[in-house]
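Remarks on the structure that follows.
We did not get these values from a lab; they are worked out from the coordinates using the rules stated. All values derive from a computational prediction rather than experimental measurement. Please note: Cβ atoms are built from the backbone with ideal geometry, for glycine as well, and neighbour counts cover all protein chains shown.
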Amino acid sequence: MADPADIPPPPTAAPPAGDAPPACLADFAALARAVLPPDTWDFVDGGSGAETTLAANRAALDRVAVLPRVLTGVESPRTGARLLGREQAMPVAVAPMAYQRLLHPDGEPALAAAAGAAGVPYVLSTLSSTPIEEVAAATGGPLWFQLYWLRDRGLVADLLDRATAAGCAALMVTVDVPVLGRRLRDVRNGFALPPHVTAANLPRGRDDLAHAGTPGVSAIAAHTGAVFAPALRWSDLEWLRARTPLPLLVKGILDPRDAVRAVGAGVDAVVVSNHGGRQLDGAPATATVLPEVVAAVDGRAEVLLDSGVRGGGDVLRALALGATGVLLGRPLLWALAAGGRAGATTALALLAAELRDALTLSGCADPDEARQLRTLTGG
């Protein structure tokens, strides 16, 4: 697999004509906001409640200071790393995110193809607006499938079979959505999916509620409340572990005790995540609890960080805090909105360049060495 150092320079087609090309992933936010309907921007950008946890994710990462090593002789660091036993071009996977055709007509296949070209896993959401099989045909790289636990266990089994048949290399089950967090921007907007955006992996008609716009009601919350199982248990995770031979990740872990129990249930990785600040408002920032989870797991499973990651410097911070890798979410949706596959390709190339710079400046030859760095909290 090619190292990102061999990837051509980022294309300049993503930004609007006349604008300077993005210099970092954060630059895509303004580009996306300029082209998206306001309610769609709020759906992507917003969090739950007062958005306390949404803000805390970013603030916690900003408080992590990394102590660089000097005189290490590093000139051209490797960004490659192993995730779930397979070499990837970066210790990064594209986070599972629903309904990507809201952002761009090409939706999930475009972002999956950009991820495949960049050599990083793409995690396909249960609530994808493109069927599993079509995304698998488009990606050209490692595809993981994210599972929401549904009331209909027969449908869960069907999704598992389809993901396996499509060649998905791993299964990620999200465990922090017994109900959808109260996302006030969506409530105030009466947000509903437009007719052309569907939950393509569900049987026809199972997403009707998501299209039923009502003032003061989030149609997305109404839909998930009808189809998601609200009482997921450890016995369900054990059933899932026995049901699939694929590497299994559990996403939505914050308490180290849950991480230990998940490892005991046979998972291969835990994802420290608060759903990007979109579920329990007041939950801790993921960077704050990551070291405790890493210590509790004690090398028996991989530990990935999700929520708040905005660039290569954050990847370095996560590695220094003990993570195996990270999931990257919103910045890639911004890039998709701004320029489709070209925008996503630009964003991932920028991420690779930022990570190479961060490794060089911290004196690390590769991500494994970055995990040996010390950190301070508070700047």
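Residues MET97, MET90, arranged from fewest to most other Cβ atoms within 10 angstrom of their Cβ, appear as MET97, MET90. The Cα center of the stretch 58-94 and the Cα center of the stretch 280-336 differ in position by 12 Å. Neighbour counts of other Cβ atoms within 10 Å put VAL326, VAL70, VAL179, VAL263 in the fewest-to-most order VAL70, VAL179, VAL263, VAL326.
For PHE228, nonlocal amide neighbours, meaning residues 5 or more places apart or on other chains whose placed amide H falls under 5 Å from its own, are ARG151. Report summary: the helix-based calculation at 222 nm, which adds -39500 (n - 2.57) for every DSSP H run with n ≥ 4 and divides by the residues of the chain, gives -12000 deg cm²/dmol. Residue separation of ASP357 and ALA165 scaled by 0.36 nm, minus their Cα-Cα distance, works out to 65.2 nm of gained length. Mean-square fluctuations from a GNM of the chain, with a 10 angstrom spring cutoff on Cα atoms, peak among SER307, SER76, SER273 at SER76. Over the chain, the hull volume per residue, using the convex hull of the C-alpha atoms, is 126 Å³.
Amide H to amide H, with H built 1.01 Å from N, ARG69 comes under 5 Å of GLY363, counting only residues 5 or more places away or on other chains. Across the stretch 317-328, rounded Karplus estimates of 3J(HN,Hα) from the backbone phi angles (6.51 cos²θ - 1.76 cosθ + 1.60, θ = phi - 60°) give 4, 4, 4, 5, 7, x, 5, 6, x, 9, 9, 10 Hz, Gly and Pro being marked x. DSSP assigns beta bridges within the stretch 21-377; of those with both partners inside it, close to 25 percent run antiparallel.
Distances between placed amide hydrogens fall under 5 Å for LYS251 paired with VAL173, THR174, VAL175, VAL271, all partners being 5 or more residues away or on another chain. Residue by residue, the stretch 149-161 carries 3J(HN,Hα) couplings of 7, 9, 4, 8, 5, x, 5, 4, 4, 5, 4, 4, 5 Hz when phi is fed to the Karplus relation 6.51 cos²θ - 1.76 cosθ + 1.60 (θ = phi - 60°); x denotes Gly or Pro.
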